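Novice: First the structure, then my questions, so here it is.
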Amino acid sequence: MVQFQCTLCGECCKWYWIPLTHLDTLRLKIYGNHDLNRILDLKEAKEDDEFTVEVEEGGYRLALARIEDLCVFLNDGKCMVHSYKPLACRFYPFMYSVGYDGRIIVEVNSEAVGKCPGLKIDSKIIPRDLRESLRKLAKVRILEKQLWKNTIKAWNEDCGRRGSLKELIRFIINRAEIDMKDLVKMGVWIK
Ligand code: SF4
Ligand code: SF4
């Protein structure tokens, strides 16, 4: 059985950059009142990246800023935004994929084995409760990523290359507020 209890050691927050959606950004704004100009970053996007946001002549992924190669929210080894952190952070040390039949498959992230101190494994079986809660989260994540794609498309078509980061932030927060209302109505808004 796979056992997991996060020790809040903060190690995984040193290894990865965190991609954001407009809805992750809105959570950081409304639940933490963070200065988005300080905590957001633009990471150069790969050529065929479907989440490429065009800002002032460049193509980028929206991400959490890093300071000295650590997540901007890592403080003394702890996450300062744990209760409303980006959805991408909430899966580790697990990962999900979508099977050919549309079913969501949850597995241990092989990169976490031997690195995440909260993970204990003596077989591949993930306890049912944990598996189901990650599946539920994955469904919302997939939906939020689709809404983010729509937002990026609208931005790139309307403002793209001419817009600054400040304008992008205004644009995505407006879109996120609208999308959030729909997600609340559907009962799938995640704090
Ligand atoms: S490495 Fe594992 S135990 Fe440490 S913060 Fe990340 S998920 Fe939690
Ligand atoms: S937001 Fe929190 S959990 Fe995510 S990388 Fe930053 S410190 Fe870690």
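Novice: Quick one: which of CYS13, CYS89, CYS79, CYS6 is within 23 Å of ASN109 (Cα to Cα), at pLDDT 95 or above and hydrophobic (A, V, I, L, M, F, W, C)?
Specialist: On inspection, the qualifying residue turns out to be CYS89.
Novice: Run down VAL106, VAL72, VAL53, VAL2 and say which single residue is within 29 Å of GLY163 (Cβ to Cβ), away from ligand 2 (no atom under 15 Å from the Cβ) and of a type outside the set (Ser, Thr, Tyr).
Specialist: Answer to the check: VAL53.
Novice: Now for a separate question. Among what's in segment 81-118 and is in contact (Cβ under 8 Å) with a residue 24 or more places away in the chain and among the aliphatic types (A, V, I, L, M), pick the residue that is nearest to LEU23 (Cα to Cα).
Specialist: LEU87
Novice: Give the residue, chosen from ARG170, ARG175, that is under 26 Å from GLU56 (Cβ atoms), without any contact (Cβ under 8 Å) to a residue 60 or more places away in the chain and in a helix (DSSP H, G or I).
Specialist: ARG170
Novice: Just to check your reading of the model, which residue among PRO127, PRO93 is away from ligand 2 (no atom under 16 Å from the Cβ) and either in contact with a His (Cβ under 7 Å, 6 or more places away or on another chain) or not acidic (Asp, Glu) (or both)?
Specialist: Result: PRO127 is the single residue among PRO127, PRO93 that is away from ligand 2 (no atom under 16 Å from the Cβ) and either in contact with a His (Cβ under 7 Å, 6 or more places away or on another chain) or not acidic (Asp, Glu) (or both).
Novice: Conditions: (1) free of Cβ contacts under 8 Å to residues at least 12 places away in the same chain; (2) touching a Ser or Thr at 6+ places or on another chain (Cβ under 7 Å). ASN33 meets all but one. Number of the miss?
Specialist: Against the list (1) free of Cβ contacts under 8 Å to residues at least 12 places away in the same chain; (2) touching a Ser or Thr at 6+ places or on another chain (Cβ under 7 Å), ASN33 comes up short only on (2).
Novice: Select from segment 119-139 the residues that are among the acidic types (Asp, Glu) and exposed (fewer than 12 other Cβ atoms within 10 Å of the Cβ) and list them in ascending order.
Specialist: Selection gives ASP122, ASP129.
The values are calculated or read from the model by the stated rules, or taken from the named source; none is laboratory data. Predicted model only: the values in this text are computed from it and were never measured. Ideal geometry is used to build each Cβ from the backbone, glycine not excepted, and the neighbour counts take in all protein chains shown.
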